[in-house]
Amino acid sequence: MKLHLSRADGLNLIKAYEDDSVRVNGIDYVGNLVVLPEQLLQDWTQATAETLTADDLRPLLDLQVEVILLGTGPRLRFPPPQLLQPFLRQGIGIEVMDRPAACRTYNLLASEGRKVAAALLIA
């Protein structure tokens, strides 16, 4: 699905998504990635929603963001609650949603100037 937000103020915005890819600023990514307004972290993890571990999520704790949108793929799949506890302890919001919802929500929050990251499971 194509999204029609234009690139604002040099921000990384998600232009489109499919079941097996996400397009950020005209470049298609097929591996799991983290999208931040001013940075991209490619190949963040090799995990799927079912195989996520604390080690996979640990790098997200250092991103200096207010909220992390965890896009679990084409459909919503919740990780075990204990994996989300470190975010709550550090005061970082973490929202679990399907990848399409995470992409749309990321664009909205990034365009508002929020400190947001979309951690997208694609592979």
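The values are calculated or read from the model by the stated rules, or taken from the named source; none is laboratory data. Quick caveat, the model's predicted, so the values are computed rather than measured. Glycine also receives a Cβ, built like all others from the backbone with ideal geometry; neighbour counts cover every protein chain displayed. These area figures cover heavy atoms from the full protein model, side chains too; ligands, DNA and RNA do not enter into them. Shrake-Rupley method; radii C 1.70, N 1.55, O 1.52, S 1.80 Å.
Would you list the helices (runs of 4 or more DSSP H) that sit entirely within segment 1-119 and hold 1 or more residues that are touching a residue at least 12 places away in the same chain (Cβ under 8 Å) and in contact with an Asp or Glu (Cβ under 9 Å, 6 or more places away or on another chain)?
99-111
Being over 24 Å from Glu112 (Cα atoms) and among the aliphatic types (A, V, I, L, M) is the filter; apply it to segment 25-60 and report the residue that is farthest from the chain's Cα centre (by Cα).
Filtering first and then ranking leaves Ala54.
Within segment 82-123, which residues are modelled with pLDDT under 95 and open to solvent by less than 20 Å² (accessible area, probe 1.4 Å)?
Ile122
Of the residues Leu3, Leu76, Leu11, only one is modelled with pLDDT of 95 or more and not aromatic (Phe, Trp, Tyr); which?
It is Leu76.
Before we move on, is Asn32 of a type in the set (S, T, N, Q) and either touching a Gly at 6+ places or on another chain (Cβ under 8 Å) or surrounded by 15 or more Cβ atoms within 10 Å (Cβ to Cβ) (or both)? Let's see the steps before the verdict.
Working: of a type in the set (S, T, N, Q): yes; either touching a Gly at 6+ places or on another chain (Cβ under 8 Å) or surrounded by 15 or more Cβ atoms within 10 Å (Cβ to Cβ) (or both): yes.
The answer is yes for Asn32.
Just one of (1) open to solvent by 90 Å² or more (accessible area, probe 1.4 Å); (2) touching a strand residue (DSSP E or B) at 6+ places or on another chain (Cβ under 9 Å); (3) charged (D, E, K, R) trips up Asp62, so point out which.
Here Asp62 meets the rest and fails (2).
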